[in-house]
Amino acid sequence: MRACEPGTSGFDQWNPDHYLEQYYGRVEADEAATLDFITRACRRVAVPGRALVFGIGPTVHHMLPLAPHVRELHVADYLESNLDHVRRWLKRDPLAHDWRPFARHVLCCEGVHAPTDQQVGAREALVRARVTQCLRGDAGCESPMASVALGSYDMVLSCYCAESATGDWYEWRRYLHNIVRLLAPGGLFITAALRRCKAYCVGHRRFACADIDEHDLAAVLQASGFAPAQMHFEVQTVGLRERLGYDSIVLATARASPTGDRSGPPAARGALPSQPRPQVLPSAGPARSKLPGS
Ligand SMILES: C[S@@+](CC[C@H](N)C(=O)[O-])C[C@H]1O[C@@H](n2cnc3c(N)ncnc32)[C@H](O)[C@@H]1O
């Protein structure tokens, strides 16, 4: 791995190939935990609907556990160069990244003992069949995808996006708020975030990270209108600080109120109430924890 330069870069310096090489050459501990979490979260889906994977990057693996539980999948990212990698995989381009080890891992999470190549291929085919749109999205916009109305999705999955897109805590808060506004009343939000990480490296570039934890996440979701009883949080220690820049991740689900009003559901219409940054707690967290409603 190349040494990471001091200072942080903007996303105009982002290299999707370096990202895939560094983070997705194998199923790392954080991704093993994330895929297991998404698999478990999907068991809560009663009726398959329309799902969005926001901030997908050049990856496809988070769609692998979703595909059996949704009718249609849209994907979005800030960078066309990332979406090109997704499109390449969707078109079965032989130069596309190999996600088969991730599909195998997901099948194991679902209880399949020693998945066969055929089962892996079938899951990949299901993802390809479900994806109908690859769209540009900007979490900094109140309406993050120009062509999509707020409140459009029965499920929004956004992993390592909002906190990995900015080093500014207030901006992170705004990004996350804008992302959850895409969720329809009664919809399910699933997320994963780097925990207490100030920067991560991609190739020799360093990207700023918002240094958040489960308390920050709970506060923003609550301010965005989710009822505490409808949120679930897990903290997973992954021990990757030396190699990748973080020791733990936060995994969360939040269910929007079915009525879509402001007394519990996501603030699909409203602005985020102002809030001072909470005091940063000691960095060592439990391997697993639940926040409001635990
Ligand atoms: C660390 S990557 C995560 C990619 C992928 N979700 C994963 O788990 O590997 C962060 C992603 O956030 C995207 N991003 C950066 N700024 C953004 C913005 N303003 N709106 C939406 N996505 C953004 C980047 O293009 C990049 O794909």
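The set of residues in the range 73-124 being open to solvent by 30 Å² or more (accessible area, probe 1.4 Å), outside any helix (DSSP H, G or I) and among the small types (G, A, S) consists of G111, A114. Number of residues in the range 45-58 that are among the basic types (K, R) and either within 15 Å of the ligand (Cβ to nearest atom) or part of a helix (DSSP H, G or I) (or both): the value is 0.
This table checks each residue for (1) open to solvent by 10 Å² or more (accessible area, probe 1.4 Å); (2) more than 12 Å from the ligand (Cβ to nearest atom); (3) under 23 Å from L176 (Cα atoms).
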{"position": "P6", "(1), (2), (3)": "yes, yes, no"}
{"position": "Q13", "(1), (2), (3)": "yes, no, yes"}
{"position": "Y19", "(1), (2), (3)": "yes, no, yes"}
{"position": "R43", "(1), (2), (3)": "yes, yes, no"}
{"position": "V60", "(1), (2), (3)": "no, no, yes"}
{"position": "L66", "(1), (2), (3)": "no, yes, yes"}
{"position": "R71", "(1), (2), (3)": "yes, yes, no"}
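Can L194 be described as under 23 Å from V75 (Cβ atoms), within 13 Å of the ligand (Cβ to nearest atom) and in contact with a Cys (Cβ under 6 Å, 6 or more places away or on another chain)? So L194 passes the test.
Among the residues making up the range 228-267, a single one is at pLDDT below 95, within 20 Å of the chain's Cα centre (by Cα) and basic (K, R): R241. Within the set C159, C201, the sole residue that is open to solvent by less than 20 Å² (accessible area, probe 1.4 Å) and on the phi < 0 side of the Ramachandran plot turns out to be C159.
Would you call L188 within 16 Å of F54 (Cβ to Cβ), surrounded by 20 or more Cβ atoms within 10 Å (Cβ to Cβ) and more than 10 Å from the ligand (Cβ to nearest atom)? So L188 fits the description; yes. Annotation: S143 fulfils all but one of (1) among the polar types (S, T, N, Q); (2) open to solvent by 60 Å² or more (accessible area, probe 1.4 Å); (3) within 30 Å of S257 (Cβ to Cβ); the unmet one is (2).
Say we look at the range 148-160 and pick out the residues that are in contact (Cβ under 8 Å) with a residue 40 or more places away in the chain and part of a loop (DSSP other than H, G, I, E, B); which of these is nearest to the ligand (Cβ to nearest atom)? If we take residues in the range 148-160 being in contact (Cβ under 8 Å) with a residue 40 or more places away in the chain and part of a loop (DSSP other than H, G, I, E, B), then Y160 is nearest to the ligand (Cβ to nearest atom). In summary, R195 fulfils each of the numbered conditions (1) over 15 Å from the mean Cα position of the chain (by Cα); (2) closer than 27 Å to Y19 by Cβ; (3) not aliphatic (A, V, I, L, M) with the single exception of condition (1). Is it fair to say Y170 is buried (at least 24 other Cβ atoms within 10 Å of the Cβ) and either within 14 Å of the ligand (Cβ to nearest atom) or under 17 Å from Q222 (Cα atoms) (or both)? The answer is no for Y170. Taking the conditions exactly as written (more than 20 Å from the chain's Cα centre (by Cα) and surrounded by fewer than 23 Cβ atoms within 10 Å (Cβ to Cβ)), does A165 satisfy them or not? Here the answer is no, as A165 does not meet what is asked.
Candidates are the residues of the range 93-131 that are over 25 Å from D17 (Cβ atoms) and among the charged types (D, E, K, R); the one that is farthest from the ligand (Cβ to nearest atom) is D117. For the range 219-230, the candidate set comprises residues that are assigned to a helix (DSSP H, G or I) and open to solvent by 10 Å² or more (accessible area, probe 1.4 Å); within that set, the residue that is nearest to S257 (Cα to Cα) is Q230. Taking the range 45-58 as the range and being at pLDDT 95 or above and open to solvent by 20 Å² or more (accessible area, probe 1.4 Å) as the test, only R50 passes.
Given the condition outside any loop (DSSP other than H, G, I, E, B), open to solvent by 70 Å² or more (accessible area, probe 1.4 Å) and within 15 Å of the ligand (Cβ to nearest atom), answer yes or no: does some residue in the range 132-139 qualify? Yes - at least one qualifying residue is present in the range 132-139.
All conditions but one from (1) modelled with pLDDT under 95; (2) assigned to a loop (DSSP other than H, G, I, E, B) apply to E163; the one that does not is (1).
The requirement of being modelled with pLDDT of 95 or more, crowded, with 20+ Cβ neighbours inside 10 Å and within 12 Å of the ligand (Cβ to nearest atom) is satisfied by T34.
The values are calculated or read from the model by the stated rules, or taken from the named source; none is laboratory data. Not measured: the values here are computed from a predicted model. Heads up, the Cβs are rebuilt from the backbone with ideal geometry, glycines too, and the neighbour counts pull from every protein chain shown. For the accessible areas, the whole protein counts, side chains as well, though only heavy atoms, and no ligand, DNA or RNA atoms are used. Shrake-Rupley method; radii C 1.70, N 1.55, O 1.52, S 1.80 Å.
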